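No lab work stands behind these numbers, since they all come straight from the coordinates. Model, not experiment: these values are computed from the prediction. Glycine also receives a Cβ, built like all others from the backbone with ideal geometry; neighbour counts cover every protein chain displayed.
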Protein chains: 2
Amino acid sequence: MKFKIDNLQYCNWSRKIFEINREAGLDAVHATIVYHEDFDEHLNEIKRWEKMFKDNSDLIFLGKSFKDIEKANKENKTAIFFGFQNCSPIEDNIGLVEKVHELGCRFMQLTYNNQSLLATGCYEKVDSGVTNFGREVIKEMNRIGIVIDMSHSAEKSTLDAIEISEKPIAITHANPSFWHAAKRNKSSELLKTLNANGGILGLSLYPHHLKNNTDCTLESFCEMVAKTAEIMDIKNIGIGSDLCLNQPDKVVEWMRNGTWTKNKNFGEGSKNNSGFPRQPKWFEDARGFKNLEEGLKKIGFSNIEIEGILGNNWYNFYKTI
Amino acid sequence: MKFKIDNLQYCNWSRKIFEINREAGLDAVHATIVYHEDFDEHLNEIKRWEKMFKDNSDLIFLGKSFKDIEKANKENKTAIFFGFQNCSPIEDNIGLVEKVHELGCRFMQLTYNNQSLLATGCYEKVDSGVTNFGREVIKEMNRIGIVIDMSHSAEKSTLDAIEISEKPIAITHANPSFWHAAKRNKSSELLKTLNANGGILGLSLYPHHLKNNTDCTLESFCEMVAKTAEIMDIKNIGIGSDLCLNQPDKVVEWMRNGTWTKNKNFGEGSKNNSGFPRQPKWFEDARGFKNLEEGLKKIGFSNIEIEGILGNNWYNFYKTI
């Protein structure tokens, strides 16, 4: 087996992007379908996706389990797994966890950057950890089969989630902070705990998560992967590129601000650099997986390790949930 | 001027209750209209109230400012001021603060018992204080004229709210924990800080907040008022009875559980005492204000102080917001 999986994209989806993902050989993509949308608004996104699946049935279909990754591989298509970057679609209702799963959700972040009803986001001043409601929702996600994704969550909340969850959790798109100390990146201690509990890290190619941002070199990225493999088992390392192809800047503004402030919050950006950052030349879209393959080979990973990092590890993770 | 105000009731409203409130001489009642309802559900409650105002226009009307307390007094009616015991109606949208104010809201708790998007409730294990969104909402509530009510919030969150808010805040229904150490009651340190910032405390007559619960004596309650007046200015002490007249037990179950758990949470109650507790004999409904008046006189308060506690202090607080 040899699967390629990008376990986080939030593109301005189009046939062109689905073609690029196929050209890159992606068997599966975990696609963010909502951030701050409530349950009804999330239904609208699902309707949009139903149309996209219909219009592009030669390229994509809705993925529901690891078997769909195998199917995609056989049929030269990309299985799209739905995920949420905030828990807004379940509102304050534990009964909606089962409902969003029925409608396709397979990954849900307990928080985006701010405090949610479940846990604390990495942009809050104080992190109180997983809340009363959060505990109940984690149990329910375990029962139903939705992966707990803590990519945007604060440290104590993430450690709590690892402890409470009876199944391994995921950080679908972030990098180690030993390499680049961004708020969104993760401490070595956290990564070790994640790893010890069978959790998986999707390494991000989003410039704000990269050393030297857009100017990050492929070599530097691959060195980081090698160092990460010193603190985590390689089998728990994958890719979650966080590609936001063709998104207008108003989308990143909405991601950061939702409807929670009348001011402007710049998140990982700044006033003079508020839009989507430019991707590094060697990873402008998913075809950059080819470059990653070469870079990882050069740094000394074996073929089987590289196949793991570029897809098989995520495939095996999907199998366990 | 001599006004009587009960600054928290959540009754199963009926003409009978409005008559009792009039018999008690209440010029104003802060009525909880929602707990966990979202914006649309809160609109349904407002429609219910519109019908009640129409059907009982000889007894009640919607209060919008302190002038309506004066009007109610003149016309022998009770002005009903709308309040929320959770921030659910504003959802995750700061724009809804202005909307709920337009529709009548004058008090909003930043939390019920659990973590909200704004702050931490008193039943959470860890209290992270006011959140990013919470800061923005407090500013907006200040601007618009909705009182920040921290009755069910945890201590650090309440201290944060006092600090962030440019206007005095309220704890509409709770007692000092020096008298009865319940999770919902407040520490002396907190009450001193509230007082120092011009905030006001509505003393509660809800049995779970009373020493010896249902068996609490009028004398004990009035002694507590006297001791509270040693740590707070009398002008910052009022009544928020928390009367839940004629509510079926399923309502308290819903207040505690909303839709956040599949288990049963008993809140201030317990498995064997899960329903609404019985009121003390001397405060079975608002007509108990008469007993309070006598009890406070007996303990040594002057007439002007008693008039303050039973209504004028709230009236003056309404004037400042």
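Per-structure values
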quantity	calculated
For A:LYS290, inter-copy label distances in nm, listed shortest first [label point 7 Å out on the Cα-Cβ vector]	9.0
Packing-based order for A:64-72, B:42-50, A:268-276, using average beta carbon neighbours within 10 Å, highest first	A:64-72, B:42-50, A:268-276
For A:LEU243, distant residues with modelled amide H under 5 Å away	A:TYR10
Links that overshoot a 28 Å alpha carbon limit, given the list A:LYS186/A:LYS290; A:LYS99/B:LYS186; B:LYS2/B:LYS51; B:LYS4/B:LYS264; B:LYS47/B:LYS290; B:LYS4/B:LYS167	A:LYS99/B:LYS186; B:LYS2/B:LYS51; B:LYS4/B:LYS264; B:LYS47/B:LYS290
Inter-chain shielding of A:131-138 (mean C-beta neighbours from other protein chains, 10 Å cut-off)	5
Label point at B:ASP58 placed 7 Å out along Cα→Cβ; residues across the range B:1-37 whose backbone nitrogen lies under 16 Å	B:15-23
Karplus-derived 3J(HN,Hα), 6.51/-1.76/1.60, for each residue of the range B:194-203, Hz, glycine and proline x	4, 4, 4, 9, x, x, 10, 10, x, 6
Average beta carbon contacts from partner chains per residue of B:250-260, 10 Å cutoff	2
Paramagnetic reach from B:LYS67 in the range B:304-320 [backbone N under 16 Å; point 7 Å along Cα→Cβ]	B:318-320
FRET efficiency for B:ASN212 and B:ASP40, using Cβ-Cβ distance with R0 set to 45 Å, rounded to 0.05	0.60
Calculated FRET value between A:ASN197 and B:SER188, using beta carbons and R₀ = 56 Å, to 0.05	0.85
Anchor A:LYS192: aspartates and glutamates whose Cα lies under 17 Å away (excluding residues fewer than 8 positions away in-chain)	A:ASP149, A:GLU155, A:ASP160, A:GLU163, A:GLU230, A:ASP233
For B:117-124, mean number of other protein chain Cβ atoms within 10 Å	3
Proximal aspartates and glutamates to B:LYS271, defined as alpha-carbon separation beneath 14 angstrom and excluding residues fewer than eight positions away on the same chain	B:ASP249, B:GLU253
Scattering curve values for the protein assembly as shown, log₁₀ I(q)/I(0), Debye with Cα scatterers, q = 0.08, 0.09, 0.12 Å⁻¹	-0.63, -0.75, -1.11
Vicinal HN-Hα couplings computed from phi for the range A:243-250 (Karplus, 6.51 cos²θ - 1.76 cosθ + 1.60; Hz; Gly/Pro x)	5, 10, 4, 6, 7, x, 4, 4
Residue of chain B whose Cβ sits closest to the axis mapping B onto A, with distance in whole Å	B:SER128, 2
Two-site label geometry, A:LYS51 and A:LYS250: point separation in nm, points 7 Å out along Cα→Cβ	1.7 nm
Label spacing, shortest first and in nm, from A:LYS183 to its equivalents in the remaining copies (7 angstrom along Cα→Cβ)	3.0
Cα Rg, Dmax (largest Cα-Cα span) when computed across the range A:5-320, Å	17.9, 51
Per-residue Cβ neighbour rank within 10 angstrom, fewest leading, A:PHE266, B:PHE61	A:PHE266, B:PHE61
Distant-in-sequence amide H partners of B:THR172 (H built 1.01 Å from N, under 5 Å)	B:MET150, B:SER151, B:GLY202
Cα gyration tensor shape for the range B:158-282, rounded if a/c is under 1.5, else prolate or oblate	oblate
Estimated FRET transfer efficiency (B:ARG15, B:GLU294; beta-carbon r; R0 41 Å; 0.05)	0.90
Separation of alpha-carbon centers, the range A:46-83 and the range B:189-229, rounded to whole Å	61 Å
A:ALA182 long-range amide H proximity, modeled H, under 5 Å	none
Global geometry of the range B:267-321, whether rounded, prolate or oblate, following the gyration tensor of its Cα atoms and the 1.5 cut on a/c	oblate
Burial ordering of A:MET52, B:MET1, fewest other beta-carbon atoms within 10 Å first	B:MET1, A:MET52
Shortest-first distances to equivalent copies, position B:PHE39, nm, label 7 Å out along Cβ	1.8
Estimated 222 nm signal from helices in chain A, with DSSP H stretches of n ≥ 4 weighted -39500 (n - 2.57), rounded to 500	-11500 deg cm²/dmol
Using θ = phi - 60° and Karplus 6.51 cos²θ - 1.76 cosθ + 1.60, couplings along the range A:165-171 (whole Hz; Gly, Pro as x)	5, 7, 10, x, 9, 10, 10
